[in-house]
1. Can you give me the pair-distance distribution of the stretch B:75-121, C-alpha pairs, 10 Å bins, whole percents?
2. Per-residue accessible area for B:Glu192 at 1.4 Å probe radius, Å² rounded to 10?
3. Of the residues B:Ala95, B:Ala104, B:Ala187, which exhibits the maximal mean-square fluctuation in a Gaussian network model of chain B defined by a 10 Å Cα contact cut-off?
4. Along the charge dipole of chain B, which of B:Pro13, B:Tyr62, B:Ile216 sits closest to the positive end, that is, farthest toward it, with unit charges on the beta carbon of Lys, Arg, Asp and Glu (+1, +1, -1, -1)?
5. Can you give the convex hull volume per residue for the Cα atoms of chain A, as a whole number of Å³?
6. With chain A treated as a Gaussian network of Cα nodes joined by springs under 10 Å, which of A:Gly111, A:Gly28, A:Gly137 yields the largest mean-square fluctuation?
7. Compute the distribution of all C-alpha to C-alpha distances in the stretch B:151-235, in bins of 5 Å from 0, and list the percent of pairs in each, rounded to whole numbers.
8. Along the charge dipole of the stretch B:91-174, pointing to its positive end and built from +1/-1 on Cβ of Lys, Arg, Asp and Glu, which listed residue (B:Ile163, B:Gln112, B:Ala99) has its Cα farthest out?
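The values are calculated or read from the model by the stated rules, or taken from the named source; none is laboratory data. Everything numeric in this text was worked out from a predicted model, so none of it was measured. Every residue, glycine among them, receives a Cβ derived from its backbone with ideal geometry; neighbour counts consider all protein chains shown. Accessible surface areas use protein heavy atoms only, side chains included; no ligands, DNA or RNA. Shrake-Rupley method; radii C 1.70, N 1.55, O 1.52, S 1.80 Å.
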Amino acid sequence: MINDILAIIRDYWLLLLIGQFPNGPLGGLANTLILSALSIALAFPISILLALARLSKWPILRWPVTVLVYVTRGVPLLMLILWSYFLVPLLTGADVPSFVTMLTTLVVYQGAFLSEVVRAGIVALGHGQMEAAKALGHSYFGAMRFVILPQALYNMIPSILSTFVSTIKDTTLGYVINVPDLTFAASQVNNQLLTQPFQVFLILAIVYYAICWSLTHVAHRLERRIARRRAGLTGARPAGVVALAKIVSEQP
Amino acid sequence: MTGFDLSAILTNPDYVAMLLHGIVMTFVIAIGSWLLAMTLAILLLALRFSPGRFGNSFVAGYVSYHRNVPTLVQLMLWYFGIFTLMPDWLAYWLASHNAEAIFAVIGLGLCQAAYFSEDLRSGLRSVGPGQMEAARALGHGYISAMRFVLMPQGVRNALPPLINHSVSLFKNSSLGIVIGASELTHAVKEIENLSFQTFEIYLIGTVLYLFFSLLIMAGGAYVTMRADPAWRARA
């Protein structure tokens with residue numbers, strides 16, 4: 001069994017790592033990581049806007065975003081992927097690669113989830129910060145820009161990292177629309193070998209485990225450090241911040 | 001693409017039958033794996049609290065594996081991998097008894113057990129050591145203190161994450177399509193292939209998922225409210 005696994009890794013490590021890259025599209029683990037990083041990078045600014053809209057006093061901003069968040073949370077990611085697969089080519093009028101379809105889906109999906117994290121971070125900061133900033137002459141946007149968001153986002157770093165881990169796990173669903181990621185590469189290997197599916201998928205599980213476990217570990221360490229630093233600096237409620245963010249971000 | 005026409009799908013008895021079958025299978029998978037997950041979660045919790053280091057590290061490893069490996073990969077490992085290693089008589093039996101759905105239940109159930117047991121554990125941890133000491137001082141044994149004093153409070157604390165994860169489990173039943181289970185997403189894809197009314201059938205599928213998810217969330221909110229001592233004192 002161990003020998004089989006080592007033989008598979010020896011023969012197919014390049015395919016698992018970068019897909020058929022020089023001769024075809026970039027794939028494998030590299031594609032998984034690029035897709036996850038890009039979608040978080042794009043979802044992040046969107047999530048801040050969504051969070052501000054949900055905290056806004058104007059119903060016209062608050063309601064549509066609340067509906068959007070509830071819909072994205074209530075519908076399986078797979079369903080959203082199928083929607084993008086159908087709608088993105090229709091709206092852009094072009095033949096879109098599955099990578100772009102998956103990226104679009106993940107930006108919407110993680111944008112909605114991250115907005116909950118950001119909102120929890122802002123709410124956990126308490127009213128006092130906003131009131132104090134306004135008393136010092138800041139406008140709403142000035143207070144957000146210079147007082148609230150820097151603190152809230154700093155507290156959110158571990159949660160953002162956990163969202164990144166969820167995104168890595170979510171990219172596997174791209175398998176359904178043939179995104180050439182790590183899962184896709186592994187199933188290609190499986191199709192070539194045909195006789196050792198358990199070994200191939202075990203390797204796949206181990207690789208995902210190694211990546212996600214290490215990132216989760218980093219997130220936990222950061223969380224402790226930030227909690228300690230916040231407690232030392234301001235006496236804010238880091239435990240509450242962390243707990244809230246955790247409840248919101250813990251999705252399998 | 002022709003004009004928007006929901007009725008063409010909803011009046012076709014074949015499509016309606018496929019949708020209903022999909023809904024039933026989705027609930028069979030979701031409820032089956034929920035029950036499996038909850039049973040395992042309680043066993044894992046008991047093992048976690050049992051004396052001795054082995055149980056503790058076993059549970060930690062179990063939770064770590066199921067939280068850090070994508071659910072889809074876990075399902076693939078079960079259906080494409082472990083299924084092929086099974087003895088012939090068992091594989092035959094499974095293959096003739098809707099193996100896809102059975103493996104969806106096993107895969108999702110084992111995975112979700114990790115989340116449920118962690119939810120219950122953090123709920124119990126937030127009860128406070130004084131409760132156990134007080135219960136023991138009043139003459140309760142360990143089991144009886146757990147049963148009558150700690151668990152009721154711990155489960156109440158754990159309700160919000162348990163409900164969130166139940167919704168996730170319901171949504172994750174859609175992953176069954178990858179291993180060929182004939183649940184709701186599968187039915188939606190089939191009808192799309194047959195009718196070419198992509199927009200309409202995706203809309204129907206989405207509304208169905210959303211409806212059931214919101215129903216679970218609302219049910220959870222109601223249970224949370226009923227479990228709140230302040231509410232019970234008023235009622």
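1. 26, 46, 20, 8
2. 30 Å²
3. Of B:Ala95, B:Ala104, B:Ala187, the most mobile in the Gaussian network model is B:Ala95.
4. Farthest along the dipole direction, towards plus: B:Tyr62.
5. Details: hull volume 37.6 nm³, N = 252.
Once divided by residue count, the hull of chain A is 149 Å³.
6. The residue with the greatest mean-square fluctuation here is A:Gly137.
7. 3, 13, 17, 17, 14, 10, 9, 7, 5, 4, 1, 0
8. B:Ile163
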